[in-house]
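As structure tokens, the structure follows; a few thoughts come after it.
Readers should treat all values here as calculations from the given coordinates under stated rules, not as data from a laboratory. Every value quoted in this text rests on a predicted model; they were computed, and no experiment measured them. When we count neighbours, we look across all protein chains shown, and the Cβ atoms used for this are built from the backbone with ideal geometry, even at glycine.
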Amino acid sequence: SRQGARGAGGMAALDEALAEIDRLAALPHVKGVGETGLDFFRTGPEGKEAQESSFRAHIEMAKRHGKALVIHDRDAHADVLRVLKEEGAPERTVFHCYSGDAEMAGVCARAGYFMSFAGNVTFKNAQNLRDAVAVAPAELLLVETDAPFLTPAPYRGRPNAPYLIPVTVRALAAVRGVDEDVLAAALAANTARAFGY
């Protein structure tokens, strides 16, 4: 049981936090629920159970309130996709700081999930991300900073910030072989659709 995994105090705290998120998600100016999801980077079995329970609650809230679901997925691709399939994903689902490969991008594309790319797409060791950018449908691409992290090359080492978004957009355009302005217009339209602007 959830209670057995975390104790009554942990269960009460999670339920209280989820109730507050639910209250905030109902506000008209709130555009999304998240970031939420699964992060198995340094997580044991009890933590995985708690995360999955919380993730399922966030999915339900996003659907009930008609908000975008913004997903954090670290070392948990298969489980994130499984939970989304089991729960039924919201109409607008965004993979924040997309970290999958081209195969996962195909799964996301077939499901209609948005894939948001950050500055790490410019890193030398990130060919998997560039491969995903190449196969993701243009209408499902988003861009972000994840500030202050994942600063694009050649500015790595500095805090990331919105002024560096054009560097990431330039990298995405190069991978796709399209004009930067054309891609920027598509990204703006996708953002409006993803978040209901």
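For the chain, find the longest principal axis of its Cα atoms and tell me its angle to the long axis of helix 45-65, 0 to 90°, nearest 10.
Its long axis makes an angle of about 80 degrees.
Report the residue, chosen from Lys31, Lys67, Lys85, that carries the largest GNM mean-square fluctuation when the chain is represented by alpha-carbon nodes joined by springs under 10 Å.
Comparing Lys31, Lys67, Lys85 in the GNM, the peak value goes to Lys85.
Going by alpha carbons, how many degrees (0 to 90, nearest 10) lie between the helix axis of 102-111 and the longest principal axis of the chain?
The angle comes out at about 70 degrees.
Using only Cα atoms and rounding to the nearest 10 degrees, what angle (0 to 90) does helix 180-195 make with the longest principal axis of the chain?
20
Using all C-alpha to C-alpha distances in the range 49-152, build P(r) with 5 Å bins and read off the rounded percent in each one.
2, 13, 24, 25, 19, 12, 5, 1, 0
Seen from all sides and averaged, what is the projected area of the convex hull of the Cα atoms in the range 147-194, in nm²?
For the range 147-194, averaging the hull's shadow over all directions gives 3.7 nm².
Can you list the HN-Hα couplings for the range 119-134, worked out from phi with the Karplus curve (6.51, -1.76, 1.60; θ = phi - 60°), rounded to whole Hz and with x for Gly and Pro?
The phi angles translate into x, 5, 5, 8, 6, 4, 8, 10, 4, 4, 6, 5, 5, 5, 4, 5 Hz.
From the helices alone, meaning DSSP H stretches of at least four residues, give me the mean residue ellipticity at 222 nm for the chain, per-run term -39500 (n - 2.57), in deg cm²/dmol to the nearest 500.
-17000 deg cm²/dmol
Picking from Leu81, Val182, Leu38, whose Cα lies most toward the positive end of the charge dipole for the chain (charges on Cβ: Lys, Arg +1; Asp, Glu -1)?
The Cα lying farthest towards the positive end belongs to Val182.
From the residues Thr191, Val70, Asn160, which one has its Cα farthest along the dipole of the chain in the positive direction, the dipole being from +1 and -1 charges on Cβ of Lys/Arg and Asp/Glu about the Cα centre?
Asn160
Using modelled backbone amide H atoms (1.01 Å from N, in-plane), which distant-in-sequence or interchain residues come within less than 5 Å of Leu69's amide H?
Under 5 Å from the amide H of Leu69: Val33, Arg92, Thr93, Val94.
Among [x] -0.72, -0.84, -1.07; [y] -0.52, -0.72, -1.16; [z] -0.46, -0.66, -1.19, which one is log10 I(q)/I(0) by the Debye sum over Cα atoms at q = 0.11, 0.13, 0.17 Å⁻¹ computed from these coordinates?
Only one option fits the structure, namely [y].
If you place +1 on the Cβ of every Lys and Arg, -1 on the Cβ of every Asp and Glu, and leave all else neutral, what size is the dipole of the range 5-122 about its Cα centre, to the nearest 20 Debye?
Using Cβ point charges on Lys, Arg, Asp and Glu, the range 5-122 gives about 340 debye.
Relative to the Cα centre, what is the charge dipole magnitude of the range 93-178, using +1 at the beta carbon of each Lys and Arg, -1 at the beta carbon of each Asp and Glu, and rounding to the nearest 20 debye?
300
Arrange Thr36, Thr168 by Cβ neighbour counts within 10 Å, fewest through most, would you?
Going from least to most buried by this count: Thr36, Thr168.
Given +1 on the Cβ of Lys and Arg, -1 on the Cβ of Asp and Glu, and no further charges, what dipole in debye does the chain carry about its Cα centre, rounded to the nearest 20?
Value, rounded to 20: 220 debye.
Enumerate the calculated ³J(HN,Hα) couplings along the range 18-27 in order (Karplus 6.51 cos²θ - 1.76 cosθ + 1.60, θ = phi - 60°), each rounded to whole Hz, writing x wherever the residue is Gly or Pro.
Calculated HN-Hα couplings, in order: 5, 5, 5, 4, 4, 4, 5, 5, 6, 5 Hz.
Under a cut-off of 21 Å between alpha-carbon atoms, report the lysines in cross-link reach of Lys31, not counting same-chain residues fewer than 8 places apart.
Partners found: Lys63, Lys67.
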